[in-house]
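A.B. asks: There's a structure below that I have some questions on.
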Amino acid sequence: MAKSEENLKAAFAGESQANRTYLAFAKAAEKEGFVQVAKLFRAAAEAETVHALAHLRVLGKVKSTAENLNEAVNGETYEFTKMYPEFIETAKAEGNKAALVSFDYANKVEQVHADLYKKAAESVNAKSDLPAADIYVCPVCGDTFMGEVPDRCPVCGAPKASFKKIE
């Protein structure tokens, strides 16, 4: 692999992490009453997204929707079959309960995402979109629902009213 390609991958990872980090910082600043600082963090997060997407485009990683769905299924499947189970075992061995809960929630939700992507791939392969439905995400564990949301999240128990509707 050429050094520029390695650098693009590293830059994509770094910019992606900066985006998520700055969004977390924005929430903390807002909670502390620093509204303008929160806005600055959100602006920087958006800029980091611009950078990350440019690097991803140059790497040629964004393809057709069918190819992108296949990539997404493979990525999610790797996470819930290999990555998170290993992380869970390490957290158990170390007695790190907070990491264990975080990894367990993510592991369960990655399975949901893989299934949703598989359904989407079936639709796209049949040359149609998914049926129209509201999509919701649990703000605690990330569980994702198309259509009706249960009274409590089956992964973490968060109440229905806390779910975020995705536009």
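The values are calculated or read from the model by the stated rules, or taken from the named source; none is laboratory data. All values reported here derive from a predicted model rather than from experimental measurement. So basically every Cβ, Gly included, is an ideal-geometry build from the backbone, and we count neighbours across all protein chains shown.
A.B. asks: Consider only pairs whose beta carbons are under 7 Å apart and that are at least six residues apart or on different chains; among these, list those whose first residue lies in the stretch 80-107 and is not assigned by TED's automatic domain parsing to the domain that holds Cys156 and whose second residue is among the hydrophobic types (A, V, I, L, M, F, W, C) and not in a helix (DSSP H, G or I).
C.D. replies: Here the result reads Tyr105/Cys141; Tyr105/Val155; Tyr105/Cys156, each pair linking the stretch 80-107 to a residue that is among the hydrophobic types (A, V, I, L, M, F, W, C) and not in a helix (DSSP H, G or I).
A.B. asks: Restricting to the stretch 26-70, what's the tally of residues that are among the aromatic types (Phe, Trp, Tyr) and either closer than 18 Å to Ser16 by Cα or touching a strand residue (DSSP E or B) at 6+ places or on another chain (Cβ under 7 Å) (or both)?
C.D. replies: 1
A.B. asks: How many residues are aliphatic (A, V, I, L, M), surrounded by fewer than 13 Cβ atoms within 10 Å (Cβ to Cβ) and in contact (Cβ under 8 Å) with a residue 12 or more places away in the chain when one looks only at the stretch 108-135?
C.D. replies: 1
A.B. asks: Only one residue in Lys31, Lys27 is surrounded by fewer than 17 Cβ atoms within 10 Å (Cβ to Cβ) and within 19 Å of the chain's Cα centre (by Cα). Which one?
C.D. replies: Step by step, each of Lys31, Lys27 is checked, and only Lys27 is surrounded by fewer than 17 Cβ atoms within 10 Å (Cβ to Cβ) and within 19 Å of the chain's Cα centre (by Cα).
A.B. asks: All but one of (1) out of contact with any Phe, Trp or Tyr (no Cβ under 6 Å at 6 or more places or on another chain); (2) in a helix (DSSP H, G or I); (3) farther than 24 Å from Cys153 by Cα hold for Val62, so report the exception by its number.
C.D. replies: (2)
A.B. asks: OK, next. Give the number of residues within the stretch 136-167 that are crowded, with 16+ Cβ neighbours inside 10 Å and either in the same structural domain as Asn107 (by TED's automatic domain parsing) or polar (S, T, N, Q) (or both).
C.D. replies: 1
A.B. asks: Does Ala47 qualify as being surrounded by 13 or more Cβ atoms within 10 Å (Cβ to Cβ), touching a Lys or Arg at 6+ places or on another chain (Cβ under 6 Å) and modelled with pLDDT of 95 or more? If you could, list the steps in order and put the result at the bottom.
C.D. replies: Numbers: surrounded by 13 or more Cβ atoms within 10 Å (Cβ to Cβ): yes; touching a Lys or Arg at 6+ places or on another chain (Cβ under 6 Å): no; modelled with pLDDT of 95 or more: yes.
The answer is no for Ala47.
A.B. asks: A further question follows. State whether the residues of the stretch 148-159 include one that is over 30 Å from Asn7 (Cα atoms) and at pLDDT below 95. Walk me through how you get there before you give the answer.
C.D. replies: At the first step, the residues of the stretch 148-159 found to be over 30 Å from Asn7 (Cα atoms) are 148-159.
Keeping just the survivors that are at pLDDT below 95 gives 148.
Yes, some residue in the stretch 148-159 is over 30 Å from Asn7 (Cα atoms) and at pLDDT below 95.
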